[in-house]
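See structure below.
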Amino acid sequence: MANEKLTKKVVDALLPQAKDYVVWCGKLPGFGCRVRPTGHKTFIVMYRVGGRNATTKKVTIGTYGKITVEQARDDASKVLAKAELGEDVAAERARVRAEMTVSQLCDEYLREGVDHKKASTIESDTSRIEAHIRPLLGTKRIGAVTRGDISKFLRDVASGKTARPKRPGRRGSGVKGGRGTATRTVRLLGGMFTYAVRRDYLKENPCRNVLLYKDRKGDRFMTTEEFRRLGETLSLAETAGLPWSFNDGKKAKHRPVRPENHREVFSPHVTAAIRLLMFTGCRLREILHLRWQDIDFERGVLNLPDSKTG
């Protein structure tokens, strides 16, 4: 493979592995294709400015699929030619990128930095970007963002500066503030700035060492007594049914008259899903999205095709 010229056929045949790897072109030294575990493929070029003892620099040419192998080769050739003349393309790109705004970084991150994330996570990231990051930091140059700016951003989101109620006739629940939202949004910002550092747009992540509010999400565990009561409730729900809870002041015209009819029997699919959550510790959507083909009845194993916890 090392002696082969990178072509469409060669790149198409590259399969993802457990870790990133690069296949180099045997005809144009320094030109290569990086393959990520997700299968995402990008073209890169490595070069030195100033002789063999100079530091090796890397430039990302583009994503396979958005550009062809031949287009990437042409761009790599231009970068290598400039390096021969003493021009450092990576340094120039870094200088330009450091002048990009936070809003522009958001756009690039959502376009090129989230290929390892689930669609639902990208949707959450996009929502936090639009609701909090763009309004408060969007116009600021990424090279000018300081740790103090991030701390102020954290406090502003926590205090509800970006919160807004749901608009009549619109879908969604509006935008909420609070400490939990602030902490999770700063973590997203940290990921975006880490991306910027990896791309050599910045030297340091301004989110580092910012003191976050404690995120209590997931800290609550059920006790043995609560598990026992839940088990009894599930048994009752699928047999005799659970009693209805009526809203005070509402019209009782269509309510059943007999007390024994004031109960609802739950589908066994519902109670079975809750029991699976109890017994396996899986996340909610891992159970709701299960397919028959994911279940190994012989070994009693659920083969989760995509698990957030690994």
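The values are calculated or read from the model by the stated rules, or taken from the named source; none is laboratory data. Source: prediction; values computed, not measured. Every residue, glycine as well, gets a Cβ built from its backbone with ideal geometry; the counts of neighbours run over all protein chains shown. Calculation scope for accessible area: heavy atoms of the full protein, side chains included, ligands and nucleic acids excluded. Shrake-Rupley method; radii C 1.70, N 1.55, O 1.52, S 1.80 Å.
A few comments on the model shown:
- Å² of accessible area per residue within the chain, as computed with a 1.4 Å probe and no ligands counted: 67
- For region 25-178, the extents of the C-alpha atoms along the principal axes are 61, 33, 22 Å, listed from largest to smallest.
- In summary, the aspartates and glutamates within cross-link reach of LYS117, defined as a Cα separation below 12 angstrom excluding same-chain residues under 8 places away, comprise ASP125, ASP306.
- Cα centroid of region 1-77 to Cα centroid of region 99-130, whole Å: 24
- TRP292/ARG187 FRET efficiency (R0 35 Å; Cβ-Cβ; nearest 0.05): 0.45
- Placing R0 at 51 angstrom, the Cβ-Cβ distance between LYS19 and SER267 gives a FRET efficiency of 0.70 after rounding to 0.05.
- Distance between the modelled labels on GLN71 and ALA98, one decimal in nanometres: 3.0 nm (7 Å Cα→Cβ projection).
- Accessible surface of the chain, 1.4 Å probe, proportion on carbon and sulfur as whole %: 52
- Unsatisfied cross-links (Cα-Cα over 25 Å) in the set LYS58/LYS78; LYS82/LYS140; LYS27/LYS118; LYS58/LYS82; LYS66/LYS140; LYS66/LYS118: LYS82/LYS140; LYS27/LYS118; LYS66/LYS140
- Only Lys, Arg (+1) and Asp, Glu (-1) charged, at Cβ; the chain dipole about Cα centre in debye: 1020
- Across every pair of non-identical alpha carbons in the chain, the mean reciprocal distance, once inverted, gives a Kirkwood radius of 24.6 Å.
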